1. Counting only residues that are over 15 Å from GLY40 (Cα atoms) and of a type in the set (Phe, Trp, Tyr), which one in segment 132-149 is modelled with the highest pLDDT?
2. Looking only at segment 113-133, which residues are under 15 Å from the mean Cα position of the chain (by Cα) and surrounded by 14 or more Cβ atoms within 10 Å (Cβ to Cβ)?
3. Listed residues TRP66, TRP99, TRP87; which is out of contact with any Cys (no Cβ under 7 Å at 6 or more places or on another chain), at positive phi, touching a residue at least 12 places away in the same chain (Cβ under 8 Å) and among the aromatic types (Phe, Trp, Tyr)?
4. Consider only pairs whose beta carbons are under 8 Å apart and that are at least six residues apart or on different chains; among these, list those whose first residue lies in segment 1-20 and is in contact (Cβ under 8 Å) with a residue 24 or more places away in the chain and surrounded by 22 or more Cβ atoms within 10 Å (Cβ to Cβ) and whose second residue is charged (D, E, K, R) and assigned to a loop (DSSP other than H, G, I, E, B).
5. Among the numbered criteria (1) under 19 Å from LYS30 (Cβ atoms); (2) surrounded by 12 or more Cβ atoms within 10 Å (Cβ to Cβ), which one does ASP136 miss?
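The values are calculated or read from the model by the stated rules, or taken from the named source; none is laboratory data. In this text the structure is predicted, and so the values were computed from the model without any measurement. Cβ atoms come from the backbone with ideal geometry, glycine included; neighbour counts cover every protein chain shown.
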Amino acid sequence: MNKTIVLLDLEETLIESFDDALILEHNILKIAGHLYTVPGVGAFTDPESLLDNLRFGWMSWAIWDWSDKEQELVGDLVTFIDREHKWNLKERMSTLCDWSMTTWAEKLMQFDSLLVHRDEINQLFSKEDMLFKLRDMFNDFDRVILFDDTVEHNLTISAPDVTIVFQNIKEL
């Protein structure tokens, strides 16, 4: 059975920015449209469908430490998406990728023995690099899909146990 985790960027993908928390609904619709074409994921808005096979997570360099402001903004975004688009994000959010920049830095140390401060991650590594380095972390999934405004569109990394696909929201 295909298990998929969908990682979502925040700024310029789901919201304009943390300073201007305008929800980019047209991008939410693009992501949903794309997910409908992914084998084993297509009916993801059906509340009973594929709950065990589909998870969501965050991969946003804008989340530094899950401050109150960050938690409130993301909470409001999840509530909006669940109410308006029926993604069931609240139930499908994986603790595997519900992380701040601090946690991404810790995972680099755990999985790749790299000691990096959270302030340096986005200067040293692209998101493509990060997911490649941390691919072993996704053993429970067959597929990882990242939606972001900066990644190389349709880049696919195939590892023995998982396939990682990058989707640039501007190209969808």
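1. Going residue by residue through segment 132-149, those that are over 15 Å from GLY40 (Cα atoms) are 132-140, 146-149.
If we keep only those that are of a type in the set (Phe, Trp, Tyr) as well, we get 132, 138, 147.
On the way: PHE132: 91, PHE138: 88, PHE147: 98.
The selected residue is PHE147.
2. So in segment 113-133, the residues under 15 Å from the mean Cα position of the chain (by Cα) come out as 126-132.
Listed by number, the residues that qualify are SER126, LYS127, GLU128, MET130, LEU131, PHE132.
3. Values: TRP99 fails: at positive phi; TRP87 fails: at positive phi.
Going through TRP66, TRP99, TRP87 in turn, just one is out of contact with any Cys (no Cβ under 7 Å at 6 or more places or on another chain), at positive phi, touching a residue at least 12 places away in the same chain (Cβ under 8 Å) and among the aromatic types (Phe, Trp, Tyr): TRP66.
4. Final answer for the pair search is THR4/ASP142; ASP9/ASP149; THR13/ASP149.
5. For ASP136, the failing item is (1).
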